[in-house]
Structures are given as C-alpha cells and as structure tokens.
Amino acid sequence: MSNEAEDDRVFRALAHQRRRMMLDALKDGPRTTGALCEEFDDMDRCTVMQHLKVLEEAGLVVARREGRERWNHLDALPIKRIHDRWISEYASHAISILDRLRSDLGD
C-alpha cells in the first residue's frame, strides 16, 4: 500500500470524534473491547466494534486475543509518521518566520 493510501486511512480514522476519544482512552494502556463498550456506553457494542475496525485498518489500534478477551493496544506510529511528514515541516517554517519577525522588530 502506498504512503498516500496509508495517510488517507489515518486521516479518515482521526476525522471522527469518537475514534479520537477511543485513542485517548487507549493512551493510558490497552483495554478490552468490553471495557471500551462500558466507557462508551451510549454506543452499542456493534458500533464500538465498527470504530475499532476503522482504527485497526489505519494501523492505529492493534488487537490481541487472550482467551475470550480482545485487548486493544494503541499504535501511535502512524500518527508520528503524519506528524513527521506534514506537521513538523510546516511548524519549522512557521518558527523561522516568527524568529525573523522577532529579529526585525527587535532591531
């Protein structure tokens, strides 16, 4: 799969507020699907599973089975790749502009 297709999946996954909330919940550590269903009790289990599937397809969640339980683990590497490609370049450019502006104002 091309980098563009991978980026598209990550952006698509991050576009939905509930999926971002699920990722936030997984930042503290892996959770079972049942625990996520309890945390997001305004959604039925099927909807939680659909969101998890989108996150898995984007590579943001890795699911592991332990007996009857399915543990969901955060994989932040796709977000880091997005940051490295898109955000860091633009941020460094913006910082250099601000630095130049500060120098010009200080003179």
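With +1 assigned to the C-beta of every Lys and Arg and -1 to the C-beta of every Asp and Glu, and no other charges, what is the dipole magnitude of the chain about the Cα centre in debye, to the nearest 20?
320
What does the helix-only formula give at 222 nm for the chain: each DSSP H stretch with n ≥ 4 adding -39500 (n - 2.57), the total divided by the residues, and the result rounded to the nearest 500 deg cm²/dmol?
-19500 deg cm²/dmol
Expressed as a fraction of 2.2 N^0.38 Å, the rule-of-thumb size for a compact globular protein of N residues, what is the C-alpha radius of gyration of the chain?
In units of the 2.2 N^0.38 Å rule of thumb, it is 1.42.
Please go through the chain and write out the trypsin sites (Lys or Arg not before Pro) that DSSP classes as loop and that have at most 16 other C-beta atoms within 10 Å.
Here the trypsin sites (Lys or Arg not before Pro) that fit, given the DSSP loop and packing criteria, are ARG68.
All of the numbers you see were taken from the coordinates with simple rules; none came from a lab. Given the structure is predicted, the values throughout are model-derived calculations rather than measurements. Don't worry about glycine lacking a Cβ; one is built from the backbone with ideal geometry, like all the others, and counts go over all protein chains shown.
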